[in-house]
Amino acid sequence: MQDITYQVGNSLYINLTNRCTNECVFCIRNLAQRFNKRYALWLENEPSVNEVLAAIGDASRYEQVVFCGYGEPLIRLEAVKSIARALKQKNKKTRLRLDTNGQANLFWGRNVLLELKGLIDKISISLDADKDQKYQEICRPNFGAQAYPAVLEFIKQSKQYIPEVEASIVDLPGINQAACAKIASDLGVTFRVRPYYEETYVS
Ligand code: SF4
């Protein structure tokens, strides 16, 4: 038993993968049993594109459809593109948001933002810290010292390809929120502080 999609408010979230290139100290994946009683978001098998489209059904019932998951959706880049393309072909007004840790260009070794152009309406990128040292401490990236500069560059580049770009942090003690907000402002994107725990995982 696993849930491929889950609803929060008027948004439908797609749970594509549990894999991620970070191991954040605050990741709800570590606390799945305790904090997700309503949905079974730990995937035994990653869903196929057709399974996801079937689980979404009529996307016009939702304000937006969000690629989020328990893990990093862009690890399944081809699936994100195929699902987004199918939803947009069905109804070009379907609003699509992507929540990401911003390491996809590093992971894939190319600019994947180019491939998302015209498919994703809004991208929300986890900035999570104002300095590399803090990022290492709380996000524990598999890419080590390459990760934080890559996230900053990803935020900067996103503006060229995605209509709305947001940088976010988690509301945790020890995070310099003002400094993070300034980084977002300097990069020319909006800024959001995410609550630490939500009923379901909303990256
Ligand atoms: S980037 Fe998101 S999914 Fe990945 S470890 Fe951090 S909180 Fe979890």
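Key figures for this structure:
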item	result
Gyration tensor (alpha-carbon) shape descriptor, the range 20-149, a/c threshold 1.5	oblate
Calculated from backbone phi, Karplus (6.51, -1.76, 1.60) coupling profile of the range 176-187 in Hz, x at Gly/Pro	7, 5, 5, 5, 5, 4, 5, 4, 4, 4, 5, 7
Antiparallel bridge percentage (DSSP; both residues within the range 5-194; nearest 5)	15
Total charge dipole magnitude, the chain, about the Cα centre, Cβ charges on Lys, Arg, Asp, Glu only, Debye to nearest 20	500
Cβ-based exposure ranking for Cys20, Cys139, in which fewest neighbours within 10 Å come first	Cys20, Cys139
Highest-MSF residue in the chain out of Gly109, Gly118, Gly188 [GNM, Cα springs under 10 Å]	Gly109
Residue with peak Gaussian network fluctuation, the chain [Cα springs, cutoff 10 Å], from Tyr70, Tyr62, Tyr13	Tyr62
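Here, each number is a calculation from the coordinates, and none is a lab measurement. Worth saying up front: this structure is predicted, and the values here are computed from it rather than measured. Here the Cβ is made from the backbone with ideal geometry for all residues, glycine too, and neighbour counts use every protein chain on show.
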